[in-house]
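The structure appears right after this line, and notes come after that.
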Amino acid sequence: MPPRGSLVPARFLVLTAHLVLLLQLGWGRDPHVRASLPLEFSAEEYAHADRLLGGALGGALGLLGVEFVGFFSGVSMFHPGQSLLSLAAHGGAALALAWALLEGWDSSCFWLLFGLCSVPPAITEVLLMVSMLGCRRRAI
């Protein structure tokens, strides 16, 4: 398989690994919420920290969904630049999230991961979708 053709399965596997880790973190948020709170905390503080963590994980899931739509629709499946960006960002996110599962990071780390590993590939995915839509309209 040529190197360019091997980006497609690698990208799919990395996107799926990121999805699985996000879902796993979503189901077991309690240690991460408690890690971001002081030893003595109120129920309101816990609920606020839980909402913040849920927002980061939910946003990452939403942007990952955008990328899956672009990938499975064929818009960016064979685009090498998007594939490399997606591989790097989601591979790094998958490694960091696996480490976070083992270590019990606090919720501020998840916002950093969201900004660095989920937003840039999703933005370029949307730009690719818009450019593909613009090319199809001109061709008609």
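The values are calculated or read from the model by the stated rules, or taken from the named source; none is laboratory data. Since the structure is predicted, the reported quantities are computational estimates derived from the model, not experimental observations. Cβ: placed from backbone, ideal geometry, glycine included. Neighbour counts: every protein chain shown.
Annotations for the structure displayed:
- Within the range 92-140, being out of contact with any helix residue (DSSP H, G or I) (no Cβ under 8 Å at 6 or more places or on another chain) and on the phi > 0 side of the Ramachandran plot holds for no residue.
- Check on residue 88, aliphatic (A, V, I, L, M) and either under 11 Å from the mean Cα position of the chain (by Cα) or within 28 Å of residue 127 (Cα to Cα) (or both): yes
- Inclusion of residue 96 among residues that are modelled with pLDDT of 95 or more and farther than 30 Å from residue 131 by Cα is warranted.
- Every pair of residues 6+ apart whose Cβ atoms lie under 6 Å, when the first sits in the range 100-124 and is among the charged types (D, E, K, R) while the second is surrounded by 14 or more Cβ atoms within 10 Å (Cβ to Cβ) and not in a helix (DSSP H, G or I): 106/36
- A count restricted to the range 21-68 and to residues that are under 22 Å from residue 115 (Cβ atoms), surrounded by fewer than 18 Cβ atoms within 10 Å (Cβ to Cβ) and among the polar types (S, T, N, Q) stands at 1.
- Elements of type helices (runs of 4 or more DSSP H) contained in the range 56-140, each with 3 or more residues being within 19 Å of residue 35 (Cβ to Cβ) and either among the hydrophobic types (A, V, I, L, M, F, W, C) or touching a His at 6+ places or on another chain (Cβ under 6 Å) (or both): 80-103, 107-113
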